[in-house]
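Throughout, read-outs are computed from the coordinates displayed, never taken from laboratory work. Predicted, not measured: the structure shown is a model, and the values here were computed from it. Note: ideal-geometry Cβ built from the backbone for every residue, glycine included; neighbour counts use all protein chains shown.
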Ligand SMILES: Cc1cc2nc3c(=O)[nH]c(=O)nc-3n(C[C@H](O)[C@H](O)[C@H](O)COP(=O)(O)O)c2cc1C
């Protein structure tokens, strides 16, 4: 079912900018700074007529009670319209040996619709029908609780409706603009 909540593409009224606002030339610095924050890698998937998948590392847990997560999707991405139309999505948390999947779902040349999953093992999620990628570390199925304007992205707050854990042990990590695999012994937190 399509998300019927607020309008995520609505922009706030323009405000007078502060005099010391960083110039556009400083924008790459933010990218470089954020690249120092190591993240996992996910593929967001949507089922139904607008089936689609997209690599995303802007994903985080928000609340345990109620169970909420969020992901950020560029308004220019095909995934944006797809996720809004379906009103639900799945988050596939990639394992260390799934770097090729991350690259594939970030490549604009992949086919549209369900055809993009032909070369990829997947099963439909029980609650959302979103493709769950075989071999992922874990899967989170969500319904959109809220879509929030976030500049050139929308922040999709997802109400978790199903979770599952795979058998893999090692995560794919994105750090410094490159893929890494977690190695060595884990230490207790
Ligand atoms: C490691 C990695 C992480 C990414 N994270 C995000 C993200 O969190 N949100 C986003 O909108 N795009 C992200 N992207 C870019 C999209 O995957 C890419 O632009 C994709 O081709 C968009 O697909 P679409 O337009 O077909 O939906 C990421 C790409 C990579 C390689």
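Neighbour counts of C-beta atoms inside 10 Å place 91, 120 in the sequence 120, 91, starting with the fewest.
Based on the alpha-carbon gyration tensor of the range 39-179 and its eigenvalue square roots a ≥ b ≥ c, which shape applies: rounded if a/c is under 1.5, prolate if not and a/b is larger than b/c, or oblate? All intermediate terms of the calculation are to be shown ahead of the outcome.
Working: a/c = 1.19, a/b = 1.11, b/c = 1.07.
Note, shape of the range 39-179 comes out rounded.
Each residue, residue 107 and residue 126, gets one label point 7 Å from its Cα in the Cβ direction; the gap between the two is 3.4 nm. In this calculation the C-beta distance from residue 119 to residue 162 is compared with R0 = 35 Å, giving a FRET efficiency of 0.90.
By per-residue mean of other Cβ atoms within 10 Å, what is the highest-first order of 65-77, 40-52? List each step's numbers first, then the result.
Values: 65-77: 15.8, 40-52: 22.8.
Most protected by this proxy first, the peptides run 40-52, 65-77.
With the highest mean first, a sort of the peptides 140-147, 166-173 on other beta-carbon atoms found within 10 angstrom per residue produces 140-147, 166-173. Label separation (residue 65 vs residue 81): 4.2 nm, computed from points 7 Å beyond Cα along the C-beta direction.
With a ≥ b ≥ c the root eigenvalues of the C-alpha gyration tensor of the range 128-184, is it rounded (a/c under 1.5), prolate (a/b larger than b/c) or oblate?
Working: a/c = 2.96, a/b = 1.28, b/c = 2.30.
Judged from the Cα gyration tensor, the range 128-184 comes out oblate (a/c at least 1.5, b/c at or above a/b).
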